[in-house]
1. Kindly evaluate GLY42 against the criterion of being more than 30 Å from PHE342 (Cα to Cα), free of Cβ contacts under 8 Å to residues at least 12 places away in the same chain and surrounded by fewer than 21 Cβ atoms within 10 Å (Cβ to Cβ).
2. When you look at ASP25, is it among the charged types (D, E, K, R) and touching a Gly at 6+ places or on another chain (Cβ under 9 Å), yes or no?
3. Could you tell me whether segment 147-154 includes any residue that is over 17 Å from LEU31 (Cα atoms) and out of contact with any helix residue (DSSP H, G or I) (no Cβ under 6 Å at 6 or more places or on another chain)?
4. From the residues in segment 341-385 that are assigned to a strand (DSSP E or B) and surrounded by fewer than 16 Cβ atoms within 10 Å (Cβ to Cβ), which one is modelled with the lowest pLDDT?
5. Yes or no: ILE144 closer than 23 Å to VAL43 by Cα, in contact (Cβ under 8 Å) with a residue 40 or more places away in the chain and touching a Cys at 6+ places or on another chain (Cβ under 7 Å)?
6. Check ALA101, ALA106, ALA79, ALA97 and return the single one that is assigned by TED's automatic domain parsing to the domain that holds PRO8 and surrounded by fewer than 18 Cβ atoms within 10 Å (Cβ to Cβ).
7. For SER240, state whether it is of a type in the set (Ser, Thr, Tyr), part of a strand (DSSP E or B) and farther than 18 Å from ALA177 by Cα.
8. Being of a type in the set (Gly, Ala, Ser) and within 19 Å of the chain's Cα centre (by Cα) is the filter here, so list the residues in segment 1-48 that pass it.
Amino acid sequence: MILQFIEPENIANLYPLTLTRPAADLRCGILTIAEKWMHDLGVQQNETGFITRDYLQGAGSPYPCLGAGDASLFINGSALPNPNWVQAIHQLPIGHALTHAGKVVAYRGNSPSDKPSQITALEDSIDWIDRPYHIFALNGKEIIQDFARITGGRSSAPLSDSNQTIGDFPIFLEEGAKVECCTLNSTDGPIYIGKNAEIMEGSLVRGPLALCEGAVLKMGSKVYSATTLGPYCVAGGEISNVVFWGYSNKGHDGFLGNAVLGQWCNIGADTNASNLKNTYDEVKVWNYASGRFDRSGQQFCGLIMGDHSKCGINTMFNTGTVVGVGCNLYGAGFPRQFVPDFSWGGAQGFVTHKLDAVHKTASLVMPRRKRTYGDFEKSVMEAVFAITEPLRGEG
């Protein structure tokens, strides 16, 4: 069976995170959306493709578009799987589609543009990632579900006796994971420590918590529930309900809560981001699709940051700040609550972060994690630079 992920109707609702990836490559819990479906449907990576924007495909892309066939299954990349939906999709005949609340979840056929011969609306509940803040809002629930997916029928590596454990949910260590002299509280959910990941001594953590492969929590970290460190992330200080996609750093003191960081981000020492307004009101968040600050339905909402963005030491972010792709922020005061992609500056104003400078920094940063900033990565940044050009204004 060929499995291909299609984009949601308005992908811009998930910008800046989906400027550089398909929706199905968003991480929520331990796994990406695509990895969840692949696991539950029993599909291998070489049988999985993405129908997405042209600049995210081609030579060197991790998002191949596979040739469709009679057994092709198309899944909405913003939908999160659950057992009832997986069972219904397994039984889906050729030419039939499943919808929920008017949105297509799955279709089996030759092409996603074909008109289904039958559409069935299921009332079974299903979760969606429709906005960036849905990632952290659903993260605790998804860690618990992904933990079951990953660890079912397997045994954990041993946990050192130097640690203090509290709670009844399981703690699972993959091969090479290191945890010494830490307090691990699994009262509210499981704790997953991925292959070669490390929680350094003196750290205090609460589940549900996930450290993916190679991730590191530095000494004395304080990490609250529903937090995920993606592959090869480094984090420290105080963190609460944060999702790091992968390869990003917040290695020092400072608070970050109810937040999502893309890849290759760096948070400077003593940076703090508000996640609650002084008035306790609902947080409004910039929406690329509407071009305005929209209601989020969230009382707690911190920082949303796109790939390859950085901030200097002592940076301060207001509640619900959105920072686009390829930004470099620094200086005293609070930057505006929407920082357009490829901005350079801070509270005093911005100029354009030139592409040559973005390329140079990325080509120095990525080899530190044994990754290459190649022609594909460079072309994606150039495409995003062009797409977001109307948003930038200097001063």
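The values are calculated or read from the model by the stated rules, or taken from the named source; none is laboratory data. Note that the structure is predicted; figures quoted are calculated from it, not measured. Every residue, glycine among them, receives a Cβ derived from its backbone with ideal geometry; neighbour counts consider all protein chains shown.
1. Working: more than 30 Å from PHE342 (Cα to Cα): yes; free of Cβ contacts under 8 Å to residues at least 12 places away in the same chain: yes; surrounded by fewer than 21 Cβ atoms within 10 Å (Cβ to Cβ): yes.
Taking the combined requirement at face value, the residue satisfies it.
2. Yes.
3. Of segment 147-154, the ones over 17 Å from LEU31 (Cα atoms) are 153-154.
Restricting the remaining residues to those that are out of contact with any helix residue (DSSP H, G or I) (no Cβ under 6 Å at 6 or more places or on another chain) gives 153-154.
Checked segment 147-154: at least one residue is over 17 Å from LEU31 (Cα atoms) and out of contact with any helix residue (DSSP H, G or I) (no Cβ under 6 Å at 6 or more places or on another chain).
4. Out of the qualifying residues, it is GLY349.
5. Working: closer than 23 Å to VAL43 by Cα: yes; in contact (Cβ under 8 Å) with a residue 40 or more places away in the chain: yes; touching a Cys at 6+ places or on another chain (Cβ under 7 Å): no.
It is false that ILE144 is closer than 23 Å to VAL43 by Cα, in contact (Cβ under 8 Å) with a residue 40 or more places away in the chain and touching a Cys at 6+ places or on another chain (Cβ under 7 Å).
6. Numbers: ALA106 fails: surrounded by fewer than 18 Cβ atoms within 10 Å (Cβ to Cβ); ALA79 fails: surrounded by fewer than 18 Cβ atoms within 10 Å (Cβ to Cβ); ALA97 fails: surrounded by fewer than 18 Cβ atoms within 10 Å (Cβ to Cβ).
Just a single option satisfies the conditions, and that option is ALA101.
7. Numbers: of a type in the set (Ser, Thr, Tyr): yes; part of a strand (DSSP E or B): yes; farther than 18 Å from ALA177 by Cα: yes.
Answer is yes for this residue.
8. Filtering segment 1-48 for residues of a type in the set (Gly, Ala, Ser) gives 12, 23-24, 29, 34, 42.
Across segment 1-48, the qualifying residues are ALA12, ALA23, ALA24, GLY29, ALA34.
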